[in-house]
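Working notes, beginning with the structure itself.
The values are calculated or read from the model by the stated rules, or taken from the named source; none is laboratory data. Predicted model only: the values in this text are computed from it and were never measured. In this analysis, Cβ positions are derived from the backbone assuming ideal geometry, glycine residues included, and neighbour counts consider all displayed protein chains. These accessible areas exclude ligands, DNA and RNA; they are computed on the full protein's heavy atoms, side chains included. Shrake-Rupley method; radii C 1.70, N 1.55, O 1.52, S 1.80 Å.
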Amino acid sequence: MRRQLYAIYLINALEGLAGSLVNVFIPIYLLQLGFSLSRVLWFLAEWSIWICVWFFLAAVLAGRIGLKRVMALRLPVLLAYFLMLYQLPHSGLPLSVLAVTISASTALFWYPIHIMFGQRLKGDEDSEEIGKFFAYPQFLAIFAPLLGAAITVYAGFNYLFLAAGALYLAGLVPLIWITDYKPAGNLHPKKILFYLRRYPIYVWTEIVENMREDAEAYLWPIFVYLSLGSMAAIEGSGAQASIGSFAKVGLVSVGTVSTLAALGSSA
């Protein structure tokens, strides 16, 4: 069980490293291709909106083919997304297609990883394990924008996409140490529509939270790029955003552990 938990940490850390390496530069790439700022921001919003839809579909797939296969399925979807980005200067593909594709990849990763992680938690060490789960990728994300900026400046965006794709591929290797699982349930498209209509407040809360996280990660680098017009300046702003997120995760984890300890001593 412990080895499986370490494998999940490694998968999540590589995911965070790859995402921080490339995602912060995607809006800059789109701006350099001539897309307006408003269109780029709407692309990020579409990404957040479609994630909620794909989460339901990921749940349906997980019940039929298992969590490991769902996570493996996101790789061809992700590679298709990078191929679309590579061809974008010549294809004229609508950004909405890219948003739907990357949101599918995002959901196909986060749905299974959360269930895999939750199944392997032990009640006595939950706060420590949750802290590790979030802290490891945030720590790596401090350095990823520096590397991403260097690759972009000296080699170009295409090599940045290639490097990120290699990291995402490496993130699938630890799956061999994890036992597969098919979540119980009978979720059909009709039920998905029912839940979307019955509980709209929860759906929109999740969408707004996704947008908040995107704003935290992307708006500051976009502002720095538009203000200074320098790709090198993005590396510092991306690292600063990651440091802020890492500090926030640390404070939350310390607060959780302190609260549990206080409750235990007063019992």
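Quick rundown of the values:
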quantity	calculated
Dipole magnitude of region 55-167, debye to nearest 20 (Cβ charges: Lys/Arg +1, Asp/Glu -1, about Cα centre)	420 debye
Whole-percent pair-distance distribution, where bins are 10 Å wide, for the alpha carbons of region 20-165	11, 33, 36, 17, 3, 0
Nonlocal amide H pairs with Tyr181, under 5 Å, H built at 1.01 Å	Leu67, Lys68
For Ile51, net neighbour charge (Lys/Arg +1, Asp/Glu -1) across residues whose Cβ lies under 15 Å away	-4
Accessible area (Å², 1.4 Å probe, nearest 10) - His114	90 Å²
Selection from Ser227, Gly165, Phe194 lying farthest towards where the dipole of region 119-232 points positive, charges on Cβ	Phe194
Anisotropy class of region 104-149 from Cα gyration tensor, a/c 1.5 cut	oblate
With all protein chains modelled, accessible area of Met211 [1.4 Å, Å²]	70 Å²
Using θ = phi - 60° and Karplus 6.51 cos²θ - 1.76 cosθ + 1.60, couplings along region 87-95 (whole Hz; Gly, Pro as x)	8, 4, x, 10, 8, x, 5, x, 5
